[in-house]
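Structure record follows, encoded as structure tokens.
Any read-out appearing in this document is the output of simple, stated calculations on the displayed coordinates, not a laboratory observation. The model shown is predicted, which means the values in this text are computed figures rather than measured ones. Counting neighbours? That spans all protein chains shown, and the Cβs are built from the backbone with ideal geometry, glycine included.
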Amino acid sequence: MGEVDIFKALADPTRLKILECIRNEEKCICEIIPYTGKSQPNVSQHLKVLNHAGIINERKDGTRIMVKVSNKDIFKVIDKVKRIK
């Protein structure tokens, strides 16, 4: 995916919150949902956007779906933008 897809994916507060949730370690979707305060279908849609942009990876672990950041460098971008304001 291209840069536009990445920036579009980062342009939503819920997706940024999801990324903060998984910043340091892989987590189950069941842990991400309560962290965001959003519904399961809503979180799933946001994860789909992040996955399509190549920002996250998902894998099955039994019945659980585990999510992790595909490249930690994405946080360099996020942190730099936070410092701009």
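Could you tell me which GluC sites (Glu not before Pro) in the chain are loop residues by DSSP with no more than 14 other beta carbons within 10 angstrom of their beta carbon?
Loop-located and lightly packed - E25.
Among S44, G62, I32, which residue has its Cα furthest toward the positive end of the charge dipole of region 3-84, with +1 on Lys/Arg Cβ and -1 on Asp/Glu Cβ?
Comparing the listed Cα positions along the dipole, I32 ranks first.
Calculate one ³J(HN,Hα) per residue across region 30-45 by plugging θ = phi - 60° into the Karplus curve 6.51 cos²θ - 1.76 cosθ + 1.60, and present them in order as whole Hz with x for glycine and proline.
Taking θ as phi minus 60°, the curve returns 5, 8, 6, 4, x, 4, 7, x, 9, 6, 4, x, 5, 4, 4, 5 Hz for region 30-45.
Separation between the Q40 and K8 pseudo-spin-labels, each 7 Å from Cα along Cα→Cβ, expressed in nm?
2.8 nm
Starting at the first residue of region 69-85, write each ³J(HN,Hα) from the Karplus equation 6.51 cos²θ - 1.76 cosθ + 1.60 with θ = phi - 60°, in whole Hz, x for Gly and Pro.
Using θ = phi - 60°, the values come out as 6, 6, 8, 4, 4, 4, 6, 5, 5, 4, 5, 5, 5, 4, 6, 5, 5 Hz.
What are the residues whose amide H is under 5 Å from the amide H of C28, where those residues sit 5 or more places off or on another chain and H is modelled from the backbone?
Close amide H contacts, sequence-distant or interchain: V67.
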